[in-house]
Amino acid sequence: MFRAGLYPHVATRFLDAADWGLPSHRRREFLVAGPVPYRWPEPTHCGPDAPVAARRRLLPWNGFGAALGLVGEWQADPERGSGMVERHGARKNATSDQPIGTILARSHAAPPFMLIPGNGGHLPAAGVCTTEVKGTRASAASGFTFNGGPDRASDSLFLATGRRRLTWQECATLVGFPDGYPFQGTIEARYRQVGNAVAPIMAQVLATNLPQ
């Protein structure tokens, strides 16, 4: 792309989809090449650490709690690799009023996306390590109660500590896919498709700024 004469104008930039309202951090490097200079889109949202002038001008980041309809304060669990973590960065916790960390693509290891109800951060560490792709039987539809009783290792984990893994549908919501998007394959394959995806909002904002 940068070879002399191939494209008159080539530019790259790291952008975080949370800066355009996504309730999760999706930080990716984008490359644009073409006949005229590209005007990069301006963010619409910013975090609490942004300069005062930016916080006055932009909307605050959207939190994952509102996006998922979670009641009360929930925290992403950094010990279990919840959500958004840069490949080479330290794991960061996030309360439900903040974007969650990167949705990892793996689903076959210890649950990669864990949520824990907030109680000052004093819940005990999980004593059970479940590798079930299915996660707990409890679901949002049942108010996270058990129909027929718990029968999985992940059910015991949820009952003992309150920790549960995000479903692949919840992960898709946090990346910005509409309900009913036609992901294909097994549950594990769907986790991978969500985890490897670039947030759709970034395609929209980047395409909007293309010269006519």
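The values are calculated or read from the model by the stated rules, or taken from the named source; none is laboratory data. Just so you know, these numbers come straight off a predicted model, no measurement behind them. Note: ideal-geometry Cβ built from the backbone for every residue, glycine included; neighbour counts use all protein chains shown. The accessibility values were calculated without ligands, DNA or RNA, using every heavy atom of the protein model including side chains. Shrake-Rupley method; radii C 1.70, N 1.55, O 1.52, S 1.80 Å.
Per-residue 3J(HN,Hα) values for segment 192-199, derived from phi via the Karplus relation 6.51 cos²θ - 1.76 cosθ + 1.60 with θ = phi - 60°, read 5, 4, 5, x, 8, 7, 8, 4 Hz in sequence order (x marks Gly and Pro). With the simple model of a label 7 Å out from the Cα in the direction of the Cβ, Ala189 to Arg13 spans 3.7 nm. Asp179 exposes around 140 Å² of accessible area when a 1.4 Å probe is run over every protein chain in place. In this label model, Val36 and Ala66 are separated by 3.6 nm, measuring between points 7 Å along each Cα→Cβ vector.
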